[in-house]
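Have a look at the structure below before the remarks.
Just so you know, all these numbers are worked out from the coordinates, no wet-lab data involved. This one's a predicted model, so the numbers in the text were calculated from it and none came from an experiment. With ideal geometry, Cβ positions are generated from the backbone for all residues, glycine too; neighbour counts draw on all protein chains shown.
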There are 2 protein chains.
Amino acid sequence: MKKIEVVQNILEANDSIAAQNRELLEANGVFALNIMSAPGAGKTSLILRTAAELKDRLRIGVIEGDVASTLDSERVQNEVTAVVQVTTRDASESCALIANMVAHALKRLPLEQMDLLLIENVGNLICPSEFALGEHMRVVVSSLPEGDDKPTKYPIIFSDASVVVINKLDFLPYVDFDIPSFQKAVLGLNPRAKFFQVSCKTGAGIKDWCAWLERELSSHKSHQKIMK
Amino acid sequence: MKKIEVVQNILEANDSIAAQNRELLEANGVFALNIMSAPGAGKTSLILRTAAELKDRLRIGVIEGDVASTLDSERVQNEVTAVVQVTTRDASESCALIANMVAHALKRLPLEQMDLLLIENVGNLICPSEFALGEHMRVVVSSLPEGDDKPTKYPIIFSDASVVVINKLDFLPYVDFDIPSFQKAVLGLNPRAKFFQVSCKTGAGIKDWCAWLERELSSHKSHQKIMK
């Protein structure tokens, strides 16, 4: 039983730091997404497309989580207000971002000059679902070449997502991916899940996704004002 | 420091069980592969193609590792001598197979009637590299739609692999994937890595991969006889 207790303590400590992160974000009026997916599903490309679409109206910060390398930060740095790279290689929880890593990254971001924080988690459909980071919303990116059976094989991450972005729609002619059956499997786990179908390569569907995201952000801000 | 000690103990215990698994496999003359990849890269498809190519000459057993579901076992059950599904969802190490799970699965396999064991690990490029299972060889499957930057982002799993199977070669016209640059990055981490380029969809490259695997298996068997 000892091991399970230790794991429990880690998760409790994580939740408490995540709550502090959330408070700091709220205090600065920053809305945060935790973007999760399998390796290569297109998280960075979605961030780039989202930033290109929204950067004239919103100030966007990014936290890039990776096991190793700064490749993703290099890709996004010219498109956003600020980016911080977190590499998890030397941490024992190297399979996901944890709240403490995000807490450190938040100290290095100009939060008072930001409206939206996009946190790109480590490419992994399992571990990231265990660790709250302080985000307002969890986004899972699923790409067509991965296959439509992922909700059945990795149910937990889909159960906790507010939004599932189906990416690489341009691959539809070349793959066996049944979009309605994929959506049905997600809804079976998570009846409130919202879907967007996009191609980060062609830009298809990006405007719809960004318009919705902007509305969510406004509605969150209005709600916060009422609460104050 | 407590947590790190616990993790250390888990890894040591795992290595000791992996060594027992390896002894049991050797005693039965079974050669075992630990097949790892990101979700949806084609581990199950590679197992199906390998079984179809080799099943007239080799008796093949399969251990299917997944967080949840028996989808993969259902796919392979008619193609191989025996299959055991391991679901990791309820285990705290749910992001990879561990040696203990394989030890239990080995008890349910007819080892004395098998030549080759294909262990399909959980779809994940991070956690599986930490846990030896008792395998003779580690295989990483990388698929073209994932992108060619994965060795840089997930270096550990590529460092430990004997073989990297580049799958979904039929996607080459539709993706930006520089095969030489990918291979160079892997060789930078792991100079002895061997590569195969396949399409599990069309069957391209499968004969080469299987011929090589069969040679490795024979050479292992000859070596074992000399040692006895």
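Quick notes
- Cα gyration tensor, region A:144-190 - rounded (a/c under 1.5), prolate or oblate: prolate
- The antiparallel fraction among DSSP beta bridges confined to chain B stands at about 0%.
- A viscosity of 1.567 mPa s and a temperature of 4 °C, combined with the Kirkwood radius over C-alpha pairs in the Stokes-Einstein formula, give the protein assembly as shown a diffusion coefficient of 57 µm²/s.
- For region A:57-99 versus region A:146-187, the spacing of their alpha-carbon centroids is 25 Å.
- With label points set 7 Å from Cα along Cα→Cβ, the inter-copy distances at residue B:16 are 3.3 nm, sorted shortest first.
- The relative contact order of region B:145-228 comes to 31 percent, based on Cα pairs under 8 Å that sit 6 or more residues apart.
- Shielding of A:38-46 by partner chains, average beta-carbon count, 10 Å: 6
- Those Cys residues of chain B for which no other cysteine Cβ falls under 4.7 Å: B:200, B:210
- In sequence order, region B:158-166 has phi-based couplings of 6, 5, 9, 8, 7, 9, 10, 9, 8 Hz under the Karplus curve 6.51 cos²θ - 1.76 cosθ + 1.60, θ = phi - 60°, and Gly or Pro positions carry x.
- Backbone amide hydrogens, once placed in the peptide plane, bring residue A:32 within less than 5 Å of A:117, A:136, A:137, excluding anything fewer than 5 places away on its chain.
- The mean number of Cβ atoms from other chains found within 10 Å of a Cβ in peptide B:65-75 is 3, as a whole number.
- Inter-copy separations for residue B:189, label at 7 Å along Cα-Cβ, nm, ascending: 2.6
- With contacts taken as Cα pairs under 8 Å and at least 6 residues apart, chain B reaches a relative contact order of 24 percent.
- Shielding by partners for peptide B:167-173, expressed as the average number of C-beta atoms from other protein chains within 10 Å of each residue's C-beta, is 1.
- Contact order for region B:91-141, expressed relative to its length and based on alpha carbon pairs under 8 Å spaced 6+ residues apart, stands at 57 percent.
- Packing rank of B:12-22, A:166-176, where each peptide gets the mean count of other beta carbons within 10 Å, highest leading: A:166-176, B:12-22
- Inter-copy label distances at residue A:218 (7 Å, Cα→Cβ; nm, one decimal): 7.1
- Between residue B:78 and residue A:112, the modelled label-to-label distance comes to 6.8 nm, taking each label 7 Å out from Cα in the direction of the beta carbon.
- A cut-off of 5 Å between modelled amide H atoms, ignoring neighbours fewer than 5 places along the same chain, links residue A:142 with A:165, A:166, A:167.
- Taking amide H as placed 1.01 Å from N in the peptide plane, residue A:194 has its amide H under 5 Å from the amide H of A:163, A:164, each at least 5 places away in sequence or on another chain.
- Principal axis dimensions, largest first and in whole angstrom, of chain A by Cα: 51, 45, 38
- Extending 7 Å from Cα along the Cβ direction at residue B:222 and again at residue B:16 yields two label points whose distance is 3.8 nm.
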